[in-house]
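**Q** One structure, pasted below without further comment.
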Amino acid sequence: MTAEVVSVGTELLLGQIVDTHAPTMARILADCGISCTRRQTVGDNMERLVESLREALARADIVVTIGGLGPTADDITRDAIAATLGDELTPDSKMEEKLRKFFALRKLVWSDSLLRQADKPASARFVDNPNGTAPGLICEKGGKVVVALPGPKGEFNPMAAGPVREFLSRLQGGQVIHSRILRICGMGESHVEQVIRDLMDSENPTIAPYAHPSEVHLRLTARAPSIEAADLLIEPVHRQIKERLGEAVFGIDETTLEEAVIDLLRRQSATVSVAESMTGGGLGERLTSVEGASAAFVGGAITYQVDAKGVLLKVREETLRQFGPVSKETASEMARSIREKLGTTYGVSVTGNAGPSSDVGRKPVGLVYVGVADEAGCEVDEHQFRGQREDIRRRATQVALVALRKKLLSGQASRHPLP
């Protein structure tokens, strides 16, 4: 059984609102064992909306619309559904009575335009909206299903996750489509695919890689009668991937790299401090976003200007003059200094040029140095990134976490607690 999601609203096309409901609906469909094969976005135009609905119904068994169920003239979804299905749009007296009571109870101003929300196509039944006035619709006709949901988040979420989800589950007969995400760092997407290429021929579960900045995610998806049964199908494939990729797999599903790093630090009774230049505190922010980070993260210094590196971190004037603030040598001194000052197991430094100009000591935009210091010394990695300023800064914090995790896994550093 297949489905399409049609998001309705000119504000979506103008970029004034980001459509977060369509992904939510796609996940609900998958949980109910229904494949979401396409998503469309169409503005508040009757002709184009009817055309989109007809195309969607020609391809899919189920069409879910989001938005356009309110009382104003541009709320045309129910009208378009009726036109698409060849239904009359007729008023429902019980829904009208419910709307009038709602407004009277709350002493709100009544407008006859509100009665539009009591109209429904002949093949439809209402879906109760406990948090608003616009009811949803479920239409079943000619072997096809159209589900219509309102746009406001407080109305959409409980309706989609409640009665609509229950209806879709019954419709599919108890099948689910369940996914597990394996998160990988330190390997590129093409390298990951090369290592597990033969496993990707599996049909149930399927394996699909997709790239993120300095990470690769593998989505393992199984179709089964229940989530538990799907997990049983996924588990042996998960084990094979883990055997091949080893420590490159740092987490599952929602686990972030910073969470994985803090977990390693805590399990090793180790601590970390950071010295940041171009990232302006971004690395520290990521680490401290993890609940319980204070058990491992001690603090840091933001030395954005060149002079601050000398004043706060005692980076030698000779180093700054000879090699510049964006250099392997400066990164090394920054990492060593912050570790010594705060008495931590590790010190991590980030310095580089995020752009947009290349006037930072005549170093190219995107050049980044990351240092990780421990009692044995300091290792510095050089990176050259492309992209916009914020992309480069985000990638810099990512590779710093990857470098710290690599050092933690190597087991070469001392494990002494903070003195």
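The values are calculated or read from the model by the stated rules, or taken from the named source; none is laboratory data. Small disclaimer: the values here were computed from a predicted structure and weren't measured. Please note: Cβ atoms are built from the backbone with ideal geometry, for glycine as well, and neighbour counts cover all protein chains shown. These area figures cover heavy atoms from the full protein model, side chains too; ligands, DNA and RNA do not enter into them. Shrake-Rupley method; radii C 1.70, N 1.55, O 1.52, S 1.80 Å.
**Q** Any idea how many residues of region 193-214 are of a type in the set (A, V, I, L, M, F, W, C) and in a helix (DSSP H, G or I)?
**A** 4
**Q** Still on this structure, I have one more. Is it true that some residue in region 263-272 is surrounded by 13 or more Cβ atoms within 10 Å (Cβ to Cβ) and closer than 11 Å to L182 by Cα?
**A** The answer is no; no qualifying residue exists.
**Q** Hey, among the residues in region 77-116 that are assigned to a helix (DSSP H, G or I) and acidic (D, E), which one's nearest to K141 (Cα to Cα)?
**A** Among them, the one singled out is D79.
**Q** Need at least 1 residues that are closer than 21 Å to T221 by Cβ and touching a strand residue (DSSP E or B) at 6+ places or on another chain (Cβ under 7 Å) per element, so show me which strands (runs of 3 or more DSSP E) inside region 232-310 make the cut, counting only ones lying wholly within it.
**A** Values: elements: 249-252, 272-276, 297-302.
In region 232-310, the matching strands (runs of 3 or more DSSP E) lie at 249-252.
**Q** A further question on this structure: I'd like to verify a number: residues in region 10-53 that are among the charged types (D, E, K, R) and either in contact (Cβ under 8 Å) with a residue 60 or more places away in the chain or assigned to a strand (DSSP E or B) (or both), how many? Reasoning before the result, please.
**A** Going residue by residue through region 10-53, those that are among the charged types (D, E, K, R) are 11, 19, 27, 31, 38-39, 44, 47-48, 51.
Remaining after also requiring either in contact (Cβ under 8 Å) with a residue 60 or more places away in the chain or assigned to a strand (DSSP E or B) (or both): 31, 38-39.
Of the residues in that region, 3 qualify.
**Q** Inspect region 89-96 for any residue being within 28 Å of the chain's Cα centre (by Cα), surrounded by 12 or more Cβ atoms within 10 Å (Cβ to Cβ) and either touching a residue at least 24 places away in the same chain (Cβ under 8 Å) or closer than 23 Å to A161 by Cα (or both) and give the result as yes or no.
**A** Here is the first cut: in region 89-96, the residues within 28 Å of the chain's Cα centre (by Cα) are none.
No, because not a single residue in region 89-96 is within 28 Å of the chain's Cα centre (by Cα), surrounded by 12 or more Cβ atoms within 10 Å (Cβ to Cβ) and either touching a residue at least 24 places away in the same chain (Cβ under 8 Å) or closer than 23 Å to A161 by Cα (or both).
**Q** Right, here's the next one. Identify all residues within region 338-388 that are among the hydrophobic types (A, V, I, L, M, F, W, C) and exposed (fewer than 13 other Cβ atoms within 10 Å of the Cβ); write none if there are none.
**A** The answer is A376, and nothing else.
**Q** Let me ask you something else. Please pick out the residue among V249, V290, V315 that is within 20 Å of the chain's Cα centre (by Cα), farther than 17 Å from T344 by Cβ and at pLDDT 95 or above.
**A** Every option except V249 fails the conditions.
**Q** Oh, and also: Output the number of the condition that L108 fails; it satisfies all remaining conditions of (1) at pLDDT below 95; (2) open to solvent by less than 50 Å² (accessible area, probe 1.4 Å).
**A** Single failed check for L108: (2).
**Q** If you don't mind, there's one more thing I want to ask. Name the single residue, out of those in region 176-222 being among the basic types (K, R) and within 15 Å of the chain's Cα centre (by Cα), that is most open to solvent (accessible area, probe 1.4 Å).
**A** Taking region 176-222 as the starting set, the residues that turn out to be among the basic types (K, R) are 180, 183, 197, 219.
Going one step further and asking which of them are within 15 Å of the chain's Cα centre (by Cα), we end up with 180, 183, 219.
On the way: R180: 28, R183: 38, R219: 94 Å².
Of everything passing the filter in region 176-222, R219 is most open to solvent (accessible area, probe 1.4 Å).
**Q** For region 104-118, enumerate the residues that are without any contact (Cβ under 8 Å) to a residue 24 or more places away in the chain and under 17 Å from G70 (Cα atoms).
**A** Across region 104-118, the qualifying residues are L108, V109, W110, D112.
**Q** How many residues does region 123-141 contain that are in contact (Cβ under 8 Å) with a residue 40 or more places away in the chain and out of contact with any helix residue (DSSP H, G or I) (no Cβ under 7 Å at 6 or more places or on another chain)?
**A** Final tally of qualifying residues: 1.
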